[in-house]
C-alpha cells in the first residue's frame, strides 16, 4: 500500500546550520506531497506542498522538490534558527483513496 | 474565525467508560477527519467524512464511531475505552479532497 518513510530523529543542529530531512514514498499513482510542522503542544500546520513531479514547494526558507524518479521529497533549509525546533512530518495524498498518509515524523532540535 | 476547535484538551478515562471527543470547524469545509498520534508512528487516520451524512473508515477504525449530521461538527465516540486508545487525537478539515488540511490543537486521552 501507499506509505511514507522519513529519517529517524532527533536531528540536532547548531543555529545557522544547513538542514536536510529525508523523505521517500511508495505510491501506486501520482500523489501530492506535503510537509507539515508540529510545534510543541500544538496541532500540525502545513509547511509546504507539491502536487506534481519536479514541483518545488517553499515557505519560511524551507524547500522541497518532488522527485518522481527517486520517489523523494526531502526537506531543506539553508540556515536553521532556534525557532525551527519542532517535529516535521512528510505526508502524501492520493485522490483515489481520500487519505493523507503520514511518515513517523522527525524531531529537529536547534541549539543556539 | 476560530478554525478547527477540539474539546476537551485533556481527558482521563477508566477502562470500559465511554466518551465523545468534540470537533468543530467554522470554515465551511466539506472534508473532515480524525487522526491519532502515537510515539514513533506519526498520525494514523481513524475515520473521515467527505460531507454531512457521509463517513468512512480510515486505517485504524476499530473501537471508534463517528457521525456527521452537520457540516461544522464531526464528533468521535469511544464506546468502551481501552488502554490501547491512550493517544493524542487530532481533528482536521479541508475544503476539498486534495487541499490543505487544517488541524485542531488536539485532545490528549489517557485510559487507565
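List the pair-distance distribution P(r) of the protein assembly as shown, using every Cα-Cα distance, as the percent of pairs falling in each 10 Å bin from 0 up to the bin containing the longest distance, rounded to whole percents.
Each 10 Å bin holds this share of Cα pairs: 8, 33, 35, 19, 4, 0.
For the range A:29-112, how big is the tail of P(r) above 15 Å, as a whole percent of Cα pairs?
The calculated P(r) of the range A:29-112 puts 57 percent of pairs beyond 15 Å.
Can you sort B:34, A:93 so the residue with the fewest Cβ neighbours within 10 Å comes first?
By the 10 Å Cβ count, ascending, the order reads A:93, B:34.
Compute a Gaussian network model of chain A, connecting alpha carbons closer than 10 Å, and tell me which residue from A:14, A:97, A:58 fluctuates the most.
Highest fluctuation of the listed residues: A:97.
Could you work out how much longer the chain between residue A:53 and residue A:26 gets when fully extended? Use 0.36 nm per residue separation minus the Cα distance between them, nm to one decimal. Each step should come with its number before you reach the end.
Numbers: separation 27, 0.36 × 27 = 9.72 nm, distance 1.41 nm.
The span from residue A:53 to residue A:26 would gain 8.3 nm if fully extended.
With both partners inside chain B, how many of the DSSP beta bridges are antiparallel, as a percent to the nearest 5? Walk me through the numbers before you get to the answer.
On the way: 32 of 36 bridges.
Of the beta bridges lying entirely in chain B, close to 90 percent run antiparallel.
Enter the Cα centre distance for the pair the range A:61-112 and the range B:57-84, rounded to the nearest angstrom.
Each part reduced to its Cα centre gives a spacing of 28 Å.
For chain B, count the residues as N, evaluate 2.2 N^0.38 Å, and divide the Cα radius of gyration by that value, please.
0.99
We did not get these values from a lab; they are worked out from the coordinates using the rules stated. Everything numeric here is computed off the predicted structure, so don't read it as measured data. Glycine gets a Cβ as well: all are built from the backbone with ideal geometry, and neighbour counts include every protein chain shown.
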